[in-house]
1. Report every pair of residues separated by at least 6 positions or lying on different chains whose Cβ atoms are under 6 Å apart, first residue within region 27-39 and free of Cβ contacts under 8 Å to residues at least 60 places away in the same chain, second surrounded by fewer than 10 Cβ atoms within 10 Å (Cβ to Cβ) and in a strand (DSSP E or B).
2. In region 24-43, what count of residues is obtained for those that are loosely packed, with under 15 Cβ neighbours inside 10 Å and outside any strand (DSSP E or B)?
3. Can residue 83 be described as out of contact with any helix residue (DSSP H, G or I) (no Cβ under 7 Å at 6 or more places or on another chain), at pLDDT 65 or above and either assigned to a loop (DSSP other than H, G, I, E, B) or surrounded by 10 or more Cβ atoms within 10 Å (Cβ to Cβ) (or both)?
C-alpha cells in the first residue's frame with residue numbers, strides 16, 4: 001500500500017502503550033501475513049499481550065482492583081510460598 005500523499009507518516013511512541021501510527025497502514029507479521037487497517041490512526045501492540053495482535057486491545061493496561069478488596073495471598077489459602 002503506497003502512501004497516498006508525499007508527507008511522512010507520523011508515529012507516536014508511548015513507553016507504556018502501543019505505537020500510534022497515522023493510517024491507513026499495512027503491518028507485515030513475522031510469518032509474512034499482511035494485516036491492513038484503513039483507520040485514521042492505528043494502535044500497534046508492542047507488549048504482545050493483545051488478543052488482536054498486531055492491533056492493540058489495551059491489554060497492556062494494569063488492572064486495578066476494586067477498593068476494599070485486597071489481593072489473595074498464599075497465606076489466605078493455606079499454601080506455602082516456594083523459594084528457589
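The values are calculated or read from the model by the stated rules, or taken from the named source; none is laboratory data. Quick caveat: nothing in here was measured; it's all calculated off a predicted structure. Here Cβ is always computed from backbone atoms with ideal geometry, including for glycine, and neighbour counts include all displayed protein chains.
1. 28/34
2. Residues flagged as loosely packed, with under 15 Cβ neighbours inside 10 Å and outside any strand (DSSP E or B) within region 24-43 amount to 8.
3. Judged against the criteria, residue 83 is not a match.
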